[in-house]
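Each value in this text was obtained by applying a stated rule to the coordinates, not by laboratory testing. Being a predicted model, the structure only gives us computed values, none of them experimental. Ideal geometry is used to build each Cβ from the backbone, glycine not excepted, and the neighbour counts take in all protein chains shown.
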Amino acid sequence: MMTRFTILASASMIALASVAQAEQLRVSSIDVTVELPVAEGANALELWPTIETDLETAIATDIADQIGDSIHDVRVNLNEISLDGAYVLEAGGAFNTMEGFVNVFRDNETVPIESFPVRLEAYSASAVNAPEGAIILPPEQEAFYDALIMAFAAETGKHLSTVDVMSNTTLPPQAGDPDSDADGGGGDGDDAPDAEAE
C-alpha cells in the first residue's frame, strides 16, 4: 500500500519554509509493506488487513509538517508482528511486538539515503514484569491496536524529523526540543518511553 500526498502552497509560504527548514527532510509518499515469515505461519495480515494503510496514515499524521512535493519517499517494511515471539496470532488478533525498517529513498534510487530499525515491545496493564519504558497496553482490543500503531508512527516520525537530506545524516536536537539534553546535547531523552528503536 502507498499513501501519496500533494500539497499546494503559495510562493511566500515555500520561501519561508526553505529558510526555516532548508535541510530538513520532506516526503511526497509513505509506503508500508508487511512481509512476515511464511514458514512461521504468520497470520497478522489476515486478522488485520488494513494495518499497512493504518500505519501509513499514522506516520503521515505524525510528520504532517514534513509532507509536500519532494523527491524523497519513505518506505517501511514490517517483518515482525507477533505475540511474545509467536507469529501465529489467535482469533482475537492480539500482538505485542512490531518490528521493521524505515527507509528514505531519493528520486526512485535503489539504495536508501537513510535507514533505521524500529522495534516495539508492549505489555498488558496487568503485567508485573514490564521493563521500564515499555508500552502498557489498554485492555480493549481496538485501543491496544491503535496504541501500537501510534507508537510505531511516533518513533518513526521522531527519527525522520532529524534527517538532514543535504548530508544524509541526522540533525542535532534543536533548542527547546524535549528530546535534547538540558545543555543542548543529543540523545533521545526519557520523554518518549513508549517506544524503543534498536
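Some notes on this structure:
- In segment 31-125, the ratio of gyration radius to Kirkwood radius, Rg to Rh, stands at 1.01 when only Cα atoms are counted.
- Ordering Met166, Met98, Met150 by the number of other Cβ atoms within 10 Å of each residue's own Cβ, fewest first, gives Met166, Met150, Met98.
- Here the dipole of segment 21-107 is about 120 debye; that uses its Cα centre as origin and unit charges on the Cβ of Lys and Arg (positive) and Asp and Glu (negative).
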